[in-house]
């Protein structure tokens with residue numbers, strides 16, 4: 001019975017949606033210990049500064065209102081500056097205060113040194129919001145790096161506004177088929193090459209050229225499919241025809257843009273021209289479902305649908321809720337990324353993988369962009385935008401700022 005009872009308890013376990021810090025706050029508030037979340041008798045009463053909430057000067061002494069990590073807001077205390085050993089948090093507090101006053105100063109004639117004795121409530125409120133945002137973005141960054149399966153690290157940055165992590169986005173590493181759609185992810189045959197550069201490899205079997213040179217740069221023109229070696233091939237993981245399948249190799253940063261385009265992605269390292277940067281993944285849906293969702297997305301001014309129209313137009317990738325870093329890449333009418341269709345284990349020509357390669361050298365700190373109307377052919381066809389009266393959609397204004405800007409995303 002005891003074993004059965006233990007099994008029953010395990011069967012009823014569900015994931016906890018509350019953050020670790022919130023659970024720690026609840027434990028400390030109720031004076032409870034819980035080893036599984038790191039609250040023991042030894043550290044039950046430990047105090048660590050999580051962030052600073054407010055500032056005042058009393059009798060020429062500086063005080064900061066401290067939010068203690070793992071403790072509820074009701075336990076916040078005013079502490080003299082001399083007691084605080086958190087230079088980074090003090091610097092962040094000062095920077096947030098200065099940024100707020102700088103923003104206000106744009107519309108009002110005030111001095112950045114006004115009100116030295118105590119902060120106005122609006123300033124303190126802003127500082128707390130920035131502190132909470134910083135913590136939320138750090139947690140999101142940690143989660144993204146736990147979920148990704150590629151070498152490149154993911155960073156998150158917002159120095160523009162108070163926007164936090166998206167509430168309805170789930171990171172995935174590969175296509176997620178919608179109900180009723182089957183993705184065959186196992187090849188039926190593979191090469192037996194000892195050197196895929198010089199022998200009749202997978203691309204030759206498919207009637208195309210090997211896509212890469214010895215520097216791992218793409219050498220085929222847009223519109224030509226990429227056939228990489230697959231799980232059935234006898235060549236090893238260091239095969240020069242295994243590039244896209246290894247995932248993003250570069251450290252990238254999801255950042256808040258200052259031009260009204262929401263989130264964007266920039267590279268933190270230099271990327272050579274014609275190099276693989278990332279794959280576009282999302283939920284695979286039928287084209288009929290894509291048409292229905294497209295109407296909703298256009299009304300919201302968002303664009304996440306990518307037609308898999310290499311050989312047919314049966315399926316579409318929707319990266320609105322499920323996706324990877326590419327979900328945050330913005331459109332440009334003069335992009336630095338180019339779309340290619342890729343086949344690895346799944347050789348169904350209706351379901352190519354979508355890879356984004358650099359069109360030129362991209363410097364560290366530069367934003368990554370691709371043309372939302374660009375298909376695997378590399379051309380912008382006349383039917384990229386649907387003009388038929390029966391399917392008339394709301395036009396989304398383009399903000400890319402390129403000299404060649406077409407004015408609309410769709």
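The values are calculated or read from the model by the stated rules, or taken from the named source; none is laboratory data. Here the structure is a predicted model, which is why all the values come from computation and not from measurement. Positions of Cβ are backbone-derived with ideal geometry, glycine not excepted, and every protein chain shown enters the neighbour counts.
Worth pointing out:
- Any hit, segment 302-311, residues being within 30 Å of residue 363 (Cβ to Cβ), buried (at least 17 other Cβ atoms within 10 Å of the Cβ), in contact with a helix residue (DSSP H, G or I) (Cβ under 8 Å, 6 or more places away or on another chain) and modelled with pLDDT under 90: yes
- Boolean, residue 242 is free of Cβ contacts under 8 Å to residues at least 24 places away in the same chain and buried (at least 17 other Cβ atoms within 10 Å of the Cβ): yes
- Test for residue 174: is it at pLDDT 95 or above, surrounded by fewer than 18 Cβ atoms within 10 Å (Cβ to Cβ), within 22 Å of residue 304 (Cβ to Cβ) and not assigned by TED's automatic domain parsing to the domain that holds residue 282: no
- Criterion applied to 247, 294, 282 was being surrounded by 18 or more Cβ atoms within 10 Å (Cβ to Cβ) and closer than 20 Å to residue 355 by Cα, and the one residue passing it is 282.
- Flag for residue 237 being in a loop (DSSP other than H, G, I, E, B), on the phi < 0 side of the Ramachandran plot and in contact with a strand residue (DSSP E or B) (Cβ under 9 Å, 6 or more places away or on another chain): no
- Every pair of residues 6+ apart whose Cβ atoms lie under 9 Å, when the first sits in segment 159-184 and is free of Cβ contacts under 8 Å to residues at least 12 places away in the same chain while the second is exposed (fewer than 11 other Cβ atoms within 10 Å of the Cβ): none
- Every listed requirement among (1) over 16 Å from residue 132 (Cα atoms); (2) in contact (Cβ under 8 Å) with a residue 40 or more places away in the chain is met by residue 101 save one, (2).
- For residue 264, the stated conditions hold: it is touching a helix residue (DSSP H, G or I) at 6+ places or on another chain (Cβ under 8 Å) and either under 21 Å from residue 370 (Cα atoms) or not in a loop (DSSP other than H, G, I, E, B) (or both).
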